[in-house]
Amino acid sequence: MTTPRALRPVGILGTGHYVPEKVLSNFDLEKLVDTSDEWIFARTGMRERRIAAPEEATSDLCIQAGRRALENAGVDPEEIGLIIVATVTPDHLVPATACIVQNELGCTNAGAFDLEAACSGFVTNLSVAQGMIANGTIDKALIIGGECMSRILDYEDRASCILFGDGAGAAVIGADAPRGRVIESFLGADGSGGHTMRVHAGGSRRPVDQDALAERMNYLRIKGNEVFKFAVSTFRTLMEKQMRDHDFGPDDLGLVVPHQVNYRIIESALKKLEVPEEKIFINLEKYGNTSGASVGIALDEAIREGRVVEGKFLSLIAFGAGLTWSSALLRW
Ligand code: UT7
């Protein structure tokens with residue numbers, strides 16, 4: 001599925017992110033499961049991740065990130081026509097987390113809904129909102145990826161609990177933005193791979209009951225090896241498609257902001273692409289994998305650190321449970 005040709009140019013007006021204060025280091029995890037700092041860092045590149053306080057929910061992280069993005073954009077809350085929150089860890093099953101954010105931020109003229117595309121969430125948000133702005137349905141959107149992954153992790157399962165962290169990333173996008181113009185976005189899915197990452201109980205197929213809790217079915221289970229292969233090949237395919245479709249090579253690329261999944265996955269994907277490592281933005285050492293928030297947090301940090309190169313391409317690449325994948329190519 002390719003986004004239709006834009007009727008109005010759409011770009012990024014401002015970005016923001018928020019991560020909770022509490023740090024969970026690899027050494028902290030050593031006390032919870034049979035693992036080591038050495039193993040985690042060697043296999044993933046992660047050193048620590050952030051964990052929401054007991055009283056914090058996903059909307060609280062999204063509100064902070066959203067407020068920072070609005071400030072950075074110089075846009076008033078009333079100017080926002082749409083809020084989309086990408087999350088697999090909503091505050092409640094009903095209502096949408098985006099509605100809580102809409103109310104708290106005072107976005108009184110915005111529609112609001114949640115979007116579930118797992119780790120592809122932030123870039124999928126960008127694609128959806130871009131289409132609605134381009135066709136004139138709305139002028140400005142606040143897109144947010146926010147997760148409290150710690151609430152669905154089993155801290156007795158070393159295969160999954162070491163990988164993820166909490167946080168939120170946000171962007172205000174709008175028509176005729178002076179920079180960060182979206183040239184193309186692309187979405188894909190393969191539901192046959194749904195078994196590789198799943199929370200088995202808590203939905204309509206298997207509501208949470210005593211048996212489900214006893215079997216710890218309310219936590220995320222992953223088949224890391226299978227995801228690893230999918231992630232490497234999807235990363236490569238998405239980047240090759242962007243370069244082919246828009247006829248450019250590594251020299252024209254200013255920066256790639258990928259889903260912060262695992263340093264080894266990113267490194268393996270890069271080998272065949274001939275994109276130098278300095279053109280890849282990586283912050284997973286500090287935050288782990290924050291699922292739908294990961295590209296949003298990384299994008300905001302990359303912009304604030306001056307890593308996005310004016311006049312060059314900025315590539316956003318994401319993939320995750322579903323299976324889903326999404327990419328966006330921007331000109332900065
Ligand atoms: O955004 C999408 C979500 N992300 C993912 O699904 C993650 C994608 N996959 C990965 O990042 C990697 O596959 C992992 C980091 C999860 C695992 O790395 P790996 O190199 O694929 O390791 P492995 O699963 O092949 O396991 C190697 C060994 C196994 O022991 P044996 O069977 O060789 O004795 C595991 O039991 O490492 C063991 N192991 C651990 N050891 C220490 C697995 N997890 C841990 C751990 N600490 N946390």
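Here are the numbers for this structure:
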{"read-out": "Selection count, segment 94-131, where residues are open to solvent by 30 Å² or more (accessible area, probe 1.4 Å) and polar (S, T, N, Q)", "value": "4"}
{"read-out": "Selection within segment 158-176 - open to solvent by 20 Å² or more (accessible area, probe 1.4 Å) and more than 14 Å from the ligand (Cβ to nearest atom)", "value": "A175, D176"}
{"read-out": "Scan of segment 279-304 for residues that are in a loop (DSSP other than H, G, I, E, B) and either polar (S, T, N, Q) or closer than 18 Å to A73 by Cβ (or both), ordered by number", "value": "N283, T290"}
{"read-out": "First in segment 49-74 and closer than 18 Å to A86 by Cα, second anywhere and among the aromatic types (F, W, Y) and not in a helix (DSSP H, G or I), Cβ under 7 Å, 6 or more apart", "value": "L61/Y18; Q64/Y18; A65/Y18; R68/Y18"}
{"read-out": "Output for segment 132-157, where each listed residue is open to solvent by less than 30 Å² (accessible area, probe 1.4 Å) and outside any helix (DSSP H, G or I)", "value": "I138, A141, L142, I143, I144, G145, G146, E147, C148, L153, D154"}
{"read-out": "Pairs where the first residue, in segment 221-236, is in contact (Cβ under 8 Å) with a residue 60 or more places away in the chain and more than 6 Å from the ligand (Cβ to nearest atom) and the second is of a type in the set (F, W, Y) and open to solvent by 20 Å² or more (accessible area, probe 1.4 Å), C-beta under 7 Å, 6+ apart", "value": "T234/W325"}
{"read-out": "Yes/no for D251 being at pLDDT below 95, of a type in the set (D, E) and not in a loop (DSSP other than H, G, I, E, B)", "value": "yes"}
{"read-out": "Scan of segment 184-217 for residues that are surrounded by 17 or more Cβ atoms within 10 Å (Cβ to Cβ), more than 16 Å from the ligand (Cβ to nearest atom) and in contact (Cβ under 8 Å) with a residue 24 or more places away in the chain, ordered by number", "value": "E184, S185, F186, L187"}
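The values are calculated or read from the model by the stated rules, or taken from the named source; none is laboratory data. Computed from a predicted model, the values in this text were never measured in an experiment. Reconstructed Cβ throughout: ideal geometry from the backbone, glycine too, with neighbour counts over all protein chains shown. When the accessible area is computed, the model is the full protein with side chains, heavy atoms only, and any ligands, DNA or RNA have been set aside. Shrake-Rupley method; radii C 1.70, N 1.55, O 1.52, S 1.80 Å.
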